[in-house]
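Below you'll find the structure, written out as structure tokens, and then a few comments.
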Amino acid sequence: MAKHILAALVENRPGVLARVSNLFRRRSFNIDSLSVGRTQRENLSRMTIVMESDAAEADRLVKNLYKLVDVVHVDHLHNQPSVARDMALVKVKASSENRREVIQLCDIFRARIIDVAAESLVVEITGEEEKLGHFTELVRPFGIVEMVRTGVIAMGRGSHTLKDQGYKPNRGRSSSRRSVL
Amino acid sequence: MTEDKAATNAESLAKTLETGAGGSAGACEQASGEADIPADAVMLTGAEIVCECLLREGVDIVFGYPGGAILPTYDALTRYPQLHHVLTRHEQGASHMADGYARATGKVGVAMATSGPGATNLVTGIATAMMDSSPIVCITGQVPTGAIGTDAFQETDVTGITLPITKHNYLVTSIDELAEDIREAFHIARTGRPGPVLVDIPKDIQIQTTEFVYPTEPVTLPGYKPPRRGRADQVEAALELIRESRRPVILAGHGISMANANAELAELCERAQIPVALTLLGKGAISERHPMCVGMMGMHGGAEVNHAIQQADLLIALGMRFDDRVTGNLATYAKGSRKIHVDIDSSEINKNVRVDVGIVGDLREVLRQLLDRVERRPNDAWFDRIAEWRADSELREIVRPADAPRHPAVSEGKLLGAQVIRDLFELTGGNAVTVTDVGQHQMWEAQYYQHERPHSLITSGGLGTMGFGLPAAIGAKMARPDQEVWAIVGDGGFQMTSMELATAVQEKVKVNIAVINNGFLGMVRQWQEFFYEERYNQTPMVNPDFCKLAEAYGIPAIRVTERGQIEDAVNATRAQAGGPILVEFVVEKEEIVFPMVPAGADLDDMIRRPTPEEFEQKRRERAAAKATPAETDAEPEPVAPAAVAGTRFGV
Ligand SMILES: Cc1ncc(C[n+]2csc(CCOP(=O)(O)OP(=O)(O)O)c2C)c(N)n1
Ligand SMILES: [Mg+2]
């Protein structure tokens, strides 16, 4: 068992997110996180999928993703040097007495405070999953009011890029196409 | 758009079609969109565009059922006489007919239905086609775009419902994309690993008009590129394994016929002297009379075939997917063998069985790559061993040549389902296209009707859909009117879709319908006998008089109750012209399909029919047991499946 990070370029067509998430359920893949967003190409979105599994299982997911017509390319980022980032917004309880302590902790983690209220702070923190884990453990004693994470996004280092297979939107797909999101 | 204008458009298009796509007969060759599109393209409604696209994809028959959300398209169909619409009696029938049509020809079958209940009724047929990789395109009407999501009358999220049971599906969001969506649907359905594709078209889009353009260049989809040739290094590795093997077996699946790789398979097995075992859907991949062909594998396959697989040192799986019905217990499956797997779908490789060499590609291409290099060599010792196992199977056979002594399990006068199939096979010279339903009769068909040609057995293997037989047979016969087509159905499954008798009559489709009537959901009864201590819960049926039922539809019918009547009945059926005809075979109620690998058991741990000696031995033991009365109050011990079968007395 290991952590596998897959990156997939998908056509920005209606239902593509449903297709991918249905695949997880239909073929019993256990996914840690899935994040979807736009890319520099108008008609392509990019998904980052993190799963805890053995290599065979990750390979099975790659093949099944490829079976989806809307999936243009899939990469197993495990197989090359890559960078991965997760982001969290954490609302931490902070009264006038302990606010300073929380702020210090944020400084150490290079987290940013983006909202200050009488009883709480909203902290934005970005980094590898592990770093976010450590941070939340350390602020937990203060009291986490709420938290949200984006899920991991990842990219190969240097010259490694996700191939778009010479992607051309094959028919000037009109703007009437609803987006994935 | 006014009706006049629509008519003018249709006329001008008809002209285009004369020069372009031509009539329905020649349309097939035009399928890849070579039709001439004039520079001054015409304005068409969405409904007309649907019809135009169907014509250009080579469609000649549409199986369907109308309703509100698809009515504009039904109206447009009146202006396209080249598209013959077959009114089914249930949308499930439409999807099965499209499937039967597709399997009989390899062409894409088309089913059409309205939104909501019409679309949901298609679902069983779509799932059936998906499991068996059958190319069909389903066109459904949808509520108008603006009403989607409001729970409008007869609204169903059919693209959502069919997401896991289609190869791909479309909800058309703009009339400007309609033609392209349909074109892609056909392309996806028929290429790569074929499968069902659904196109859901909101009613307003069927009514709107746009300039009709049908692109002539081939469809390119960035995320969809079916593989062709296998990787050279993997082909090399496969050749090496073949060279080193002493006890190889080819496992031939549906993929062989779908890839038109039948000749290549024959050449491969002849040259390297490799026995060929067939999956259920692989029947027809190679002639069953071919000396290299050893027969069907799996749950109800030949014992000698399963033994050969378990004892093999190399399995060469071609276009099959190691379904649980052919492997039995995976933990003990073909332990001592290395494995080569060739499939067009990469996700099949290492899915159920880990293989040594996996080759992703079109079977015909890959077999040709192998044939370039495969060496000639004898393999007699291996064939001799298989022949020994076969001799043991033959001892237990009940359907024997006339000059062989009768198996003591078969008493005089009994009509057995197995005999019906064997006689049908002989009387039709093995040349019919048979379409089965699901159950015991399906397995007897597979065991006793030897197929020689591809696409000559049409059966629901993956999903095991009862009710498939009759409608699929109608579709197959309409696709190949010159072919003799037999629907072989059980009394249970027949009643699931028997309303399609009316369709066969209305369309004057000459399907020969053999109802194997055993008064039971026979296959389930068999499981109850083996694994549920003979508690026959909900498997006996009170049936209608099937001959009278047929007659009510205006269909001639013959009832057969003895083996001696089969020949006349079959001959009379074959001679009957002009429409469907039904033969009811009233067979033994409590027959068993032997051999059987219980679900999850080891592939060679089969429940066998006793040999004549074993049978007589049991008969004596039983008689002796009766003489000394047993302790009646003792609870019966739970028994293992094989033991249950071992004590069983009967056929
Ligand atoms: C739609 C559907 N429902 C239930 C089943 C489970 N099933 C498999 S075989 C069978 C019995 C079939 O009975 P019949 O059609 O009379 O054929 P027989 O086995 O008697 O030849 C049943 C109920 C099925 N395969 N399909
Ligand atoms: Mg029955």
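The values are calculated or read from the model by the stated rules, or taken from the named source; none is laboratory data. Here the structure is a predicted model, which is why all the values come from computation and not from measurement. We place every Cβ from the backbone using ideal geometry, glycine too, and count neighbours over all the protein chains shown. These accessible areas exclude ligands, DNA and RNA; they are computed on the full protein's heavy atoms, side chains included. Shrake-Rupley method; radii C 1.70, N 1.55, O 1.52, S 1.80 Å.
Using a 1.4 angstrom probe on protein heavy atoms only, the contact between A and B buries about 2200 square angstrom of accessible area, both sides summed.
In this structure, the amide hydrogen of residue B:338, modeled 1.01 Å from its nitrogen in the peptide plane, lies closer than 5 angstrom to those of B:314, B:315, counting only residues at least 5 positions away or on a different chain. In this structure, residue B:562 and residue B:387 have a Cβ-Cβ separation that, at R0 = 41 Å, corresponds to a calculated FRET efficiency of about 0.75. Under 5 Å from the amide H of residue B:558 lie the amide H atoms of B:582, B:583, B:584, each residue being 5 or more positions distant or on a separate chain, with H modelled from the backbone and absent for Pro and chain starts.
Counting Cβ atoms of other protein chains within 10 Å of each residue's Cβ and taking the mean over peptide A:1-14 gives 1. Under the criterion of Cα pairs below 8 Å and six or more residues apart, the relative contact order for chain B equals 12 percent. Counts of other chain beta carbons within 10 angstrom of each beta carbon in peptide B:345-353 average 4.
Rounded, prolate or oblate: which one fits region B:232-390, using the alpha carbon gyration tensor with axes a ≥ b ≥ c (rounded when a/c is under 1.5, else prolate when a/b beats b/c, else oblate)? Here region B:232-390 falls in the rounded category.
Between residue B:148 and residue B:371, full extension at 0.36 nm per residue minus the direct alpha carbon distance yields a gain of 74.9 nm. Using the 1.4 Å probe convention, the accessible area of region B:411-494 works out to 23 Å² per residue with neighbouring protein chains retained. For chain A, modelled as a GNM whose springs connect Cα atoms under 10 angstrom apart, the maximal fluctuation among A:55, A:118, A:18 occurs at A:118. Within the accessible surface of the protein assembly as shown, defined with a 1.4 Å probe on protein heavy atoms only, the carbon and sulfur portion equals 51 percent. For the protein assembly as shown, the antiparallel share of DSSP beta bridges with both residues in that region comes to about 45%.
Note on region B:169-210: dipole from Cβ charges, positive end direction compared against B:174, B:196, B:207; the farthest Cα belongs to B:196. The charge dipole of chain A, taken about its Cα centre with unit charges on the Cβ of Lys, Arg, Asp and Glu (plus for the first two, minus for the last two), comes to roughly 1060 debye. Charge dipole (Cα centre; +1 on Lys/Arg Cβ, -1 on Asp/Glu Cβ; no other charges) of region B:57-179 amounts to roughly 340 debye.
In loop segments of region B:146-238 as defined by DSSP, the chymotrypsin sites (Phe, Trp or Tyr not before Pro) with at most 11 further C-beta atoms inside 10 Å of their C-beta are B:153. When the trypsin sites (Lys or Arg not before Pro) in region B:353-446 are filtered for DSSP coil states and for at most 13 other beta-carbon atoms within 10 Å of their beta-carbon, the remaining sites are B:354, B:373, B:376, B:406. Packing-based ranking of A:97-107, B:504-514 yields B:504-514, A:97-107, ordered from highest to lowest mean Cβ neighbour count within 10 Å.
Dipole check for region B:232-390: with +1 at the C-beta of Lys and Arg, -1 at the C-beta of Asp and Glu, and the Cα centre as origin, the magnitude is about 340 Debye. Relative contact order for chain A: what is it in percent, counting Cα pairs under 8 Å that are at least 6 residues apart? RCO, chain A: 29 percent. Computed over region A:83-153, the Cα gyration tensor eigenvalues convert (square root of 5λ each) into semi-axes of 20, 11, 10 Å, ordered from largest to smallest. Of the trypsin sites (Lys or Arg not before Pro) in region B:249-353, the ones in a loop by DSSP (not H, G, I, E or B) with at most 15 other beta carbons within 10 Å are B:289, B:335.
Cα-Cα over 21 Å: which of B:107/B:351; A:63/B:167; A:3/A:131; A:168/B:107; A:91/A:131? The answer is B:107/B:351; A:168/B:107. Peptides B:397-405, A:131-139, B:307-315, ordered by how many other C-beta atoms sit within 10 Å of their residues on average, highest first, read B:307-315, A:131-139, B:397-405.
A dipole drawn for the protein assembly as shown from +1 and -1 charges on Cβ atoms has a positive end, and of B:156, B:486, B:250 the residue lying farthest that way is B:250.
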